[in-house]
Amino acid sequence: MDKKSEILREYEEETRRLCDPATIADPTLYRECMKKVAALRPLAEAYAALDARKTQKAQALEIIADPAADAELRLLAQQEI
């Protein structure tokens with residue numbers, strides 16, 4: 001498993017644990033879980049933004065390569081890259 005997948009998996013797991021009644025009932029466990037989520041959130045959000053940007057770029061490249069695409073749409077796609 002790569003580092004990105006590991007971080008995202010851990011973030012999702014800790015986020016789910018925050019909603020668990022057993023976690024909520026235990027202040028120490030809840031605090032530990034909150035600290036982990038707070039530490040992982042910036043990385044998880046950055047990875048999500050990177051993935052979104054990669055998807056946008058791939059879509060723009062598809063539009064640029066499509067000869068049937070509208071000229072204005074192709075220009076917008078080029079500007080997107």
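The values are calculated or read from the model by the stated rules, or taken from the named source; none is laboratory data. Just so we're clear, the structure is a prediction, and the values are computed from it rather than from any experiment. Here the Cβ positions follow ideal geometry from the backbone for every residue, glycine too, while neighbour counts run over all protein chains shown. Accessible surface areas use protein heavy atoms only, side chains included; no ligands, DNA or RNA. Shrake-Rupley method; radii C 1.70, N 1.55, O 1.52, S 1.80 Å.
Things to note:
- Residues in segment 4-39 that are over 27 Å from LEU50 (Cα atoms) and hydroxyl-bearing (Ser, Thr, Tyr): THR23, THR28, TYR30.
- Looking only at segment 43-58, and only at residues there that are touching a residue at least 12 places away in the same chain (Cβ under 8 Å) and open to solvent by 70 Å² or more (accessible area, probe 1.4 Å), the one that is farthest from ARG17 (Cα to Cα): LYS57
- Among the residues of segment 18-36, the ones that are within 19 Å of LEU8 (Cα to Cα) and of a type in the set (Gly, Ala, Ser) come to 0 in all.
- Listed conditions (1) in contact (Cβ under 8 Å) with a residue 24 or more places away in the chain; (2) touching a Leu at 6+ places or on another chain (Cβ under 8 Å) are all met by LEU40, apart from (2).
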